[in-house]
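Enquirer: Let me begin by handing over the structure; questions about it come next.
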Amino acid sequence: MSNRLMLLDTASLYFRAFYGLPDSLRRADGTPVNAVRGLLDMIARLTVDYSATHLIACWDDDWRPQWRVDLLPTYKMHRVDEEVSGAPDVEVVPDALEAQLPMIRRVLELAGIAVVGAAEHEADDVIGTYASQAGMPVDVVTGDRDLFQMVDDDRQVRVIYTARGMRNLEVVSAAVVVEKYRVLPEQYADYATLRGDASDGLPGVAGIGEKTAAALLANFGTLDLLLEAVADPGSGLPPSQRSKLAAAADYLKVAPAVVKLVRNLDLPTLEEAGAELHPVAPEPRAELERLGIEWNLGGSVNRLLKALEAR
């Protein structure tokens with residue numbers, strides 16, 4: 001089997017599992033386990049269907065890094081728990097999901113699945129770094145369009161897009177990005193900066209929508225070259241677009257650094273992280289099976305174990 005790395009946007013997946021499965025799935029003490037069950041089933045299916053030999057569950061050590069907020073205070077502001085004052089920002093996570101995160105970490109550990117995060121960075125940055133440096137084909141599993149900027153056909157990096165559910169997964173290649181947005185993957189971060197994204201608190205440039213953003217990038221190539229055109233009266237940029245871009249100058253100075261993924265984090269190598277998938281050894285397997293019963297994880301543990309045995 002040829003090597004293939006799968007990078008999970010883990011929070012994206014466990015949120016989807018939490019909202020996709022009934023919270024009536026509980027262990028004996030009443031704690032819901034729907035997110036745990038759903039995530040394990042997702043991993044089992046994804047690794048088999050897409051022939052992953054290596055897997056990293058990328059983790060949000062900091063879901064809203066202060067350096068991004070310093071650049072753009074609106075970044076993810078609508079997702080902050082406003083009841084917390086005088087403390088680091090806390091993402092609004094339902095209590096029933098919060099209670100499951102330690103269980104998720106424990107079962108991933110027992111299954112031998114690497115979990116990697118980075119201080120002051122999001123899981124997206126971990127994904128960006130590994131996808132840029134992997135040296136093998138990469139599948140990025142996410143429901144976040146921001147990661148389309150990582151798609152690279154030449155380096156065999158694609159996105160398995162989950163936004164329409166696990167029954168309607170979409171494999172996103174460069175051709176898909178171009179068809180959907182009329183920009184190349186390497187232009188996607190600039191496109192998102194211009195268009196804006198309410199889900200991340202990016203205001204975008206007032207009066208510049210998706211079609212105009214794509215047309216501007218088709219004409220000028222990059223945001224940097226577009227901003228040079230704004231400053232050049234002879235560039236041929238229409239006056240109305242010039243004025244809109246000029247009015248957003250302060251935003252456009254900082255937003256690209258917020259939107260673009262970090263690709264050079266100092267992370268463990270794939271070998272150091274234990275990314276290669278293997279059947280679970282007897283001792284952790286017995287503990288995982290025991291917890292599967294104790295935590296009422298149903299058939300999810302066995303399905304994951306079988307998927308790992310197929311490596």
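Enquirer: Exactly one condition in (1) of a type outside the set (Gly, Ala, Ser); (2) in a helix (DSSP H, G or I); (3) over 21 Å from Gly128 (Cβ atoms) is not met by Ile208; state its number.
Expert: (2)
Enquirer: Taking the stretch 260-293, which residues are touching a Lys or Arg at 6+ places or on another chain (Cβ under 9 Å) and either over 16 Å from Arg105 (Cα atoms) or in the same structural domain as Pro203 (by TED's automatic domain parsing) (or both)?
Expert: Selection gives Glu276, Leu277, His278, Pro279.
Conditions tested, residue by residue: (1) farther than 30 Å from Pro256 by Cβ; (2) touching a residue at least 24 places away in the same chain (Cβ under 8 Å); (3) not hydroxyl-bearing (Ser, Thr, Tyr).
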| position | (1), (2), (3) |
| --- | --- |
| Asn3 | yes, yes, yes |
| Asp29 | yes, no, yes |
| Tyr50 | yes, yes, no |
| Trp63 | no, yes, yes |
| Asp70 | no, no, yes |
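Enquirer: What number goes with the only condition from (1) among the small types (Gly, Ala, Ser); (2) closer than 30 Å to Ala307 by Cα; (3) exposed (fewer than 13 other Cβ atoms within 10 Å of the Cβ) that Ala273 does not pass?
Expert: In the conditions (1) among the small types (Gly, Ala, Ser); (2) closer than 30 Å to Ala307 by Cα; (3) exposed (fewer than 13 other Cβ atoms within 10 Å of the Cβ), Ala273 misses (3) alone.
Enquirer: Which residue out of Val151, Val258, Val157, Val254 is closer than 28 Å to Gln133 by Cα and surrounded by fewer than 17 Cβ atoms within 10 Å (Cβ to Cβ)? Talk me through it step by step, then tell me what you get.
Expert: On the way: Val151 fails: surrounded by fewer than 17 Cβ atoms within 10 Å (Cβ to Cβ); Val258 fails: surrounded by fewer than 17 Cβ atoms within 10 Å (Cβ to Cβ); Val157 fails: surrounded by fewer than 17 Cβ atoms within 10 Å (Cβ to Cβ).
Just a single option satisfies the conditions, and that option is Val254.
Enquirer: A follow-up question, please. Name the helices (runs of 4 or more DSSP H) wholly inside the stretch 214-272 in which the number of residues that are on the phi < 0 side of the Ramachandran plot and under 24 Å from the mean Cα position of the chain (by Cα) is 1 or more.
Expert: 223-231, 249-259
Enquirer: Continuing with the same structure: Would you point out which residue out of Asp29, Asp139, Asp61 is farther than 30 Å from Ala249 by Cβ, under 16 Å from the mean Cα position of the chain (by Cα) and assigned to a loop (DSSP other than H, G, I, E, B)? So that I can check it myself, show each step before the final result.
Expert: Details: Asp29 fails: under 16 Å from the mean Cα position of the chain (by Cα); Asp139 fails: assigned to a loop (DSSP other than H, G, I, E, B).
Among Asp29, Asp139, Asp61, only Asp61 is farther than 30 Å from Ala249 by Cβ, under 16 Å from the mean Cα position of the chain (by Cα) and assigned to a loop (DSSP other than H, G, I, E, B).
Enquirer: Can you tell me which residue within the stretch 1-56, out of those that are out of contact with any strand residue (DSSP E or B) (no Cβ under 7 Å at 6 or more places or on another chain) and aromatic (Phe, Trp, Tyr), is surrounded by the most Cβ atoms within 10 Å (Cβ to Cβ)?
Expert: Tyr14
The values are calculated or read from the model by the stated rules, or taken from the named source; none is laboratory data. Since the structure is predicted, the reported quantities are computational estimates derived from the model, not experimental observations. Glycine gets a Cβ as well: all are built from the backbone with ideal geometry, and neighbour counts include every protein chain shown.
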